[in-house]
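Worksheet: the structure to be examined is printed underneath.
The values are calculated or read from the model by the stated rules, or taken from the named source; none is laboratory data. For clarity, every value in this text was computed on a predicted model and none was experimentally measured. Ideal geometry is used to build each Cβ from the backbone, glycine not excepted, and the neighbour counts take in all protein chains shown.
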Amino acid sequence: MSDRGSYRKPFRHRFGQKKFKQPAPTMEDKIKSFVIRNSRNGFFTKVNTLSFKFEITKDEAWSLAGGLLADNVLECTHDERGDAKLCEAGKLDEVQQKEYSRMGAKKNQKKNPKKN
């Protein structure tokens, strides 16, 4: 027997070529996909929510949102308190209609509570 022993390939090299990981998405990509997913489901995303959700400062959230607005990826509107709400470009009217219908349903539910 030789001193070297038997040689075995490391496990990760046994099955052909290495598979390369795709680069991690940037914070801008994460925010863009989050806002687009919310708007497709009929919801706005407030800019202030981005700082909590992605653990970034409010200034960073505003600069990223501003960049996406400038690129016409997102649209913006404001609620009664003046908070900026984001949605996918071209979906503003659709999301507003869904929001109004949800708010109307909530008001009707408060006026006419179910009796058990």
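Scanning the range 77-112 for residues that are small (G, A, S) and either modelled with pLDDT of 90 or more or in contact with a His (Cβ under 9 Å, 6 or more places away or on another chain) (or both) returns G82, A84, A89, G90, S101. Can you confirm whether the range 70-91 contains a residue that is assigned to a helix (DSSP H, G or I) and in contact (Cβ under 8 Å) with a residue 12 or more places away in the chain? Looking for residues that are assigned to a helix (DSSP H, G or I) and in contact (Cβ under 8 Å) with a residue 12 or more places away in the chain, one finds none in the range 70-91, hence no.
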